[in-house]
Amino acid sequence: MTTPRRALSKLSVCALLPLVVAACATPAAPAPQATTAPQQEATAAPAEQSSAGVELTMWTWKVFHVPGLEAIAKNFEAETGIKVKVSAFNPDEVYRTKITTSAQSGDLPDVLSYWSGGQWELAATDQLLELTDVVDPDWKANFMAGTYDKVSVMPQDRYDSCQKDPKCTFKNINVGQSFSVPYLAGQAFFVFGNKELMKEEIGNPEKAPATAEEWLDMMKTIKEKTQKPGLVTGVQNPDVLHYWLFNPLLMASCGVETYDKIYNGTDTFSNECAVKVLNWMDDIAKNDLWTPDILQTNIDPADVAFSQGKAAFDIGGTYTLGFLIAQGMSPDNILSFAIPPLEGSKYEKLEIGASPLIDAMVTKNSKHQKEALEFIKFLTTPEQMTVFARATGDLPAVKVPADPDKVGAVMVGLLNAFSDKSPFNDSKAEILDAPGKVLKVGLQQFITKETTTDELVKKIDDANKAAWEERGGPKQ
Amino acid sequence: MAQAEMRTISSPAVRKRRKTLLQVLKDNSGFLFVLPAVIIFLVFGLYTVIYSIVLSFFRWNGFGKFSILPFACDPPACQFAGLDNFAQFLYKEPTLSQFFWQALEHNAIMAVFVTLGTIVVALPLAIALNRAARGQAAYRIIIMLPMVTAGIAIYYVWTFIYQPDGLLNSVLGTLGLNLLQAKQGWLGQADRALFSLIIVMIWGAVPMATILYLAGLQTIDRELYEAAKMDGASAWRLLWNITWPLLFPVTVVIVITSINSVLQGYEMVYLMTYGGPAAHTEVVGLQIFKYGFGDQRQLGMASAMSWVLFALVFVVALLNMRIFRSQTEA
């Protein structure tokens, strides 16, 4: 006789079955991978099929890049007959989650956009097509200095550092391997001045300050005469003070060798060249030169505030000028210059180089790897990146002609500001998470007046020392 | 012998006694009704919980293979870390642990003040509403508005109120209370940001607490008040000796839900301050979000932190229930 207890047991088994099924439904295995050389892999797999009627998919998280990428896709279709569908998912966290889940289920697009330097984790899990031998000298020649060669190819120092770090998740990537190509670049070491405010209060609106001290004096004068704050930028984002202001000043003050040593743990932040920078940043807060709600101001609101004349200077990047003009600010009212070094700095003028921001890569689960590879090659040609620059106002990682008719006057100004000799191109500094966080919070604490330079130096040095010790010692 | 037994078992008489499958299902139809919910719970609830517990012992960036059944963890993207994820933020890594304990401290301050503030505001409101002779429904709608308005809109409105030239500073200026103004904005000053967030949290929690108290008040027998009044009890005595004790079970619910939501929530902090200024409003939930979905991609660490937070919430809820039960019994 079947008792209710037995019936219940049967039902329980039925109920548990889906759980087991769900548990067993492990991530779909990636498409079968060839173990042959990358170039052969890229060309051999799709050789059996025709490209006609192929539709590629490409993902990005920058919505405003979509028109530029679609324009290139249209040109690509006209030339090859291959369609490319571009989709954007934002904000950043959503995009990251989308990629994580798609990587697990084998549903990544054919072409993926990802943060430059972040591709190693994807590559290490066999999600990306290797491009090491695919990017030939002609293709490499397209990229601006300090982009492909610096971030898209695994450098020796990054490899060594990863091998020492127990938490590193891409230990299986070797020196010289490459899985992506950059298509967007930028740099954030620019200052924008409001010429009207500068003209009325300090006379010559065309004269950029030669030193950081001179710049500080300008801010003080404007503040005294107009009560307008001297400086605004997106301080609510903790990275901004660190990467946009502290790092360029530190690089100029210490020079690339000492800069690298400080971050890599063989020198300390108590080095005089670093202390000078911290003191200068503290001086901005001590003189109340920031806009009042600076700690609640993010990047875009900061640019909006500057465009409305609420501050004399704004710190931004290659992407800022276009935004300011879009906000209705006249280009004639903007003076742009690189962050000026402190007096007595190692470099009298900081050369600014392009830094790669977004890379394009072909995924291994793509059924059309050959076509996808063809597309990223097409995407990173100077002609197509000119189209992109024109459509988006953003700076490509590819050398585009500095011709105002082709890329617009604003872009020409940016291109001319770059130098191939930026010390950042030679830097091998590795900024670890823990000391980075202490530094970011500490720089904000100057504004809240909760810390001094001496206290902050001690905290960062302790954090940096502990972090490098955990990795087996400083990076040599 | 064995054959004889088998014959006996399968004889028509026995078969008659046997229930058909349909009969069994009919007899246990209750289980069938709950089956969909059980399946959903097992797949989307229990499995994910177990997955998260296991994940907290691994270092995983989310890209490589990691699964429980069958077990898969392919290095180097996935590595067994044992208790290291927990140790890292609890004590081992000085910077991480400092930020974790600081965030937990903020959570604790929020939990205490939001819970107290909610009760202090909601109870008088509910009593007033209960006494309102007319327009009770209209008042209820007004009080419920913060609950039905989209969170993101509320947070942005409050952000504008808290700006240096926002409504709050303007009102204080008009009243001649310039000393109380926050020159860098209420969310931008280290000494005020956390309490400014607490006020928004209280504002958001009061409607539900008021409705719960109002429901509780309407179950109290009016004769108790009338009898006490005849004995000469003051309004304060009525509140302290009748209303408060009889609303105690409602208060327990409010305390537990309030503490839980404050300890686990992070959305408001994410939208209004992102943990700033200088990490003064950082909470554990936001740290978990940053580890799990930020550029660090340490899903094991995020899971470990989630479980520590869960353990804390669980212990606090148990303590609450124990304390309140002993008081109710007394």
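Just so it is clear, none of the values below were taken in a lab; they were calculated from the coordinates. Being a predicted model, the structure only gives us computed values, none of them experimental. Heads up, the Cβs are rebuilt from the backbone with ideal geometry, glycines too, and the neighbour counts pull from every protein chain shown.
With a 10 Å cut-off around each Cβ of A:167-174, the average count of Cβ atoms from other chains is 5. Multiplying the residue separation of B:Val148 and B:Phe44 by 0.36 nm and subtracting their alpha-carbon distance yields 34.7 nm.
Peptides B:241-251, A:440-450 ranked from most to least packed by the mean count of surrounding Cβ atoms within 10 Å: A:440-450, B:241-251.
Ranking A:Pro474, B:Ala138, B:Ile199 by how far each Cα lies toward the positive end of the dipole of the protein assembly as shown (charges on Cβ) leaves B:Ala138 at the top.
Peptides A:181-191, B:27-37, ordered by how many other C-beta atoms sit within 10 Å of their residues on average, highest first, read A:181-191, B:27-37.
Each 10 Å bin from 0 upward holds the following percent of the Cα-Cα pairs of the stretch B:86-329: 7, 25, 29, 23, 12, 3, 0.
Mean partner shielding of peptide A:445-451, defined as the number of other chain Cβ atoms within 10 Å of each residue Cβ, is 4. For the stretch A:201-247, the percent of C-alpha pairs falling in each 5 Å distance bin, counted from 0 to the bin holding the largest distance, reads 5, 19, 21, 23, 17, 12, 3. Cross-link check: pairs A:Lys98/A:Lys399; A:Lys150/A:Lys171; A:Lys195/A:Lys276; A:Lys83/A:Lys140; A:Lys164/A:Lys421 evaluated at a Cα-Cα cut-off of 20 Å; pairs beyond the cut-off: A:Lys98/A:Lys399; A:Lys195/A:Lys276; A:Lys83/A:Lys140; A:Lys164/A:Lys421.
Projecting the Cα atoms of B:Val34, B:Ile53, B:Leu69 onto the charge dipole of the stretch B:15-82, computed from C-beta unit charges around the Cα centre, puts B:Val34 farthest toward the positive end.
Expressed per residue, the C-alpha convex hull volume of the stretch B:217-330 stands at 143 Å³. Each Cα pair under 8 Å and six or more residues apart adds its sequence gap; the mean of these over the residue count of the stretch B:15-82 is a relative contact order of 22 percent. Scaled against 2.2 N^0.38 Å for its residue count N, the alpha carbon radius of gyration of the stretch A:246-343 is 1.27. Of the candidates B:Val252, B:Val308, B:Val24, which one comes out as most mobile in a Gaussian network treatment of chain B with C-alpha springs shorter than 10 Å? Sorting by GNM fluctuation, first place goes to B:Val24.
Take each uninterrupted DSSP H stretch in chain A, measure its Cα extent along the helix axis, and return the ones at 18 Å or beyond whose mean Kyte-Doolittle hydropathy is at least 1.0. The answer, listed by residue number, is A:4-24. Classify the protein assembly as shown from the C-alpha gyration tensor, please: rounded if a/c falls under 1.5, else prolate or oblate depending on whether a/b exceeds b/c. Since a/c reaches 1.5 but b/c is at least a/b, the shape of the protein assembly as shown is classed as oblate. For the peptide B:182-190, the mean number of other protein chain Cβ atoms found within 10 angstrom of a residue's Cβ is 6. Stretched out straight at 0.36 nm per residue, the stretch from B:Val157 to B:Thr174 would grow longer than its current Cα-Cα span by 4.1 nm.
Whole-Hz Karplus values for the stretch B:231-241 come out as 7, x, 6, 7, 4, 4, 5, 4, 5, 6, 9 Hz, taken residue by residue from phi with 6.51 cos²θ - 1.76 cosθ + 1.60 and θ = phi - 60°; glycine and proline positions read x. Dipole of the stretch A:327-388 computed with +1 at Lys/Arg Cβ and -1 at Asp/Glu Cβ about the Cα centre; of A:Ser355, A:Leu342, A:Thr380, farthest Cα towards the positive end is A:Thr380. Normalised by the number of residues in chain A, the average gap of Cα pairs under 8 Å and 6 or more apart makes the relative contact order 23 percent. Scalar couplings 3J(HN,Hα) for the stretch B:61-70, obtained by applying the Karplus form with A = 6.51, B = -1.76, C = 1.60 to θ = phi - 60°, are 9, x, 9, x, 7, 8, 8, 8, 10, x Hz; x denotes Gly and Pro. Phi angles across the stretch B:167-180 convert, under the Karplus curve 6.51 cos²θ - 1.76 cosθ + 1.60 with θ = phi - 60°, into 3J(HN,Hα) values of 4, 5, 5, 5, 4, 4, x, 4, 7, x, 9, 4, 4, 7 Hz, Gly and Pro given as x.
Within the stretch A:397-472, all pairs of alpha-carbon atoms sorted by distance into 5 Å bins from zero give the percentages 3, 13, 15, 11, 10, 10, 11, 11, 9, 6, 1.
Between the stretch B:25-95 and the stretch B:99-155, the C-alpha centres lie 35 angstrom from each other.
Other residues with beta-carbon under 13 Å from the beta-carbon of A:Met329 carry, at +1 per Lys or Arg and -1 per Asp or Glu, a net charge of -2. Other residues with beta-carbon under 9 Å from the beta-carbon of A:Glu430 carry, at +1 per Lys or Arg and -1 per Asp or Glu, a net charge of +1. Sequence-distant contacts, meaning Cα pairs under 8 Å at least 6 residues apart, place the relative contact order of the stretch A:133-281 at 14 percent. Annotation: peptides B:144-151, B:267-274, ranked by per-residue average of other Cβ atoms within 10 Å with the highest first, follow the order B:267-274, B:144-151. Per the Cα gyration tensor, chain A maps to an equivalent ellipsoid with semi-axes of 43, 29, 23 Å, ordered largest to smallest.
Consider all pairwise Cα distances in the stretch B:15-82 and report the whole-number % of them above 15 Å. I get 67 percent for the Cα pairs in the stretch B:15-82 exceeding 15 Å. A cut-off of 5 Å between modelled amide H atoms, ignoring neighbours fewer than 5 places along the same chain, links A:Asp133 with A:Gln39.
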